[in-house]
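Student: This is the structure I have questions about; it appears just below.
Taken together, the values in this text are just the output of simple stated rules run on the coordinates, not laboratory data. Small disclaimer: the values here were computed from a predicted structure and weren't measured. Ideal geometry is used to build each Cβ from the backbone, glycine not excepted, and the neighbour counts take in all protein chains shown.
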Amino acid sequence: MTGKERREQLLNIGRRLFAERGFEGTSIEEIAAQAGVSKPVVYEHFGGKEGLYAVVVDREVERLLAMATTLLGGARTRESFELAAVGLLRYIDDNADGFRILVRDSNPGSGTGIEPGTDSGTGTSPDTGTSPGPDVVTVDPEPGSAVDAVVEPTG
């Protein structure tokens, strides 16, 4: 296997494990074992778990931004935003692991990626075992619109 092929293999294994277990729940040992290499090979390619995670996240951000830029590149109309919303839902469906990586350990309010006072692997409070939960947003789309096809109207 070439160095480039090995790097891609490690990225694919890391992507899958980070999506399943999060950053804290994934170890270099497990990535190396699943790739059939020693830990120093992973360190040689990425410098450590943080480096591998950074490349995985960068790739997912690039993929999502490319999709959003394409969908929102024209006029800012209701139709373009509906298409972008459907595009985002398709991205989530087609790239479940990538989306999970982007949101699993991410707290948009903190900038640190981890909700203060929660277990970074599960997102639950160690005191109560409950998830902080996202803010709820309700959507009442126009009947027959693109969003209506994927979101049930409220009320």
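Student: Figure the gain on full extension for A96 and E50 (residue separation times 0.36 nm, minus the Cα-Cα span) and round it to one decimal in nm. Mind showing how you got there, number by number?
Tutor: Values: separation 46, 0.36 × 46 = 16.56 nm, distance 2.13 nm.
My answer for the length gained is 14.4 nm.
Student: Let me ask another. Please give me, ordered by residue number, the chymotrypsin sites (Phe, Trp or Tyr not before Pro) of the stretch 1-79 that lie in loop per DSSP and have at most 14 other Cβ atoms within 10 Å.
Tutor: Numbers: sites: F18, F23, Y43, F46, Y53; in loops: F23.
Within the stretch 1-79, no chymotrypsin sites (Phe, Trp or Tyr not before Pro) qualify (loop, at most 14 other Cβ atoms within 10 Å).
Student: Which whole-Hz couplings ³J(HN,Hα) result when phi for each residue of the stretch 74-80 is put into the Karplus expression 6.51 cos²θ - 1.76 cosθ + 1.60, θ = phi - 60°, listed in order with x for Gly and Pro?
Tutor: Listing the rounded values in order: x, 5, 8, 10, 4, 4, 5 Hz.
Student: Explain nothing, just compute: Karplus ³J(HN,Hα) = 6.51 cos²θ - 1.76 cosθ + 1.60, θ = phi - 60°, for every residue of the stretch 54-62 in order, whole Hz, x for Gly and Pro.
Tutor: 4, 5, 4, 5, 4, 5, 5, 4, 4
Student: At R0 = 25 Å, how high is the FRET efficiency between A66 and M1 if r is their beta carbon distance? Nearest 0.05 is fine.
Tutor: Calculated transfer efficiency: 0.35.
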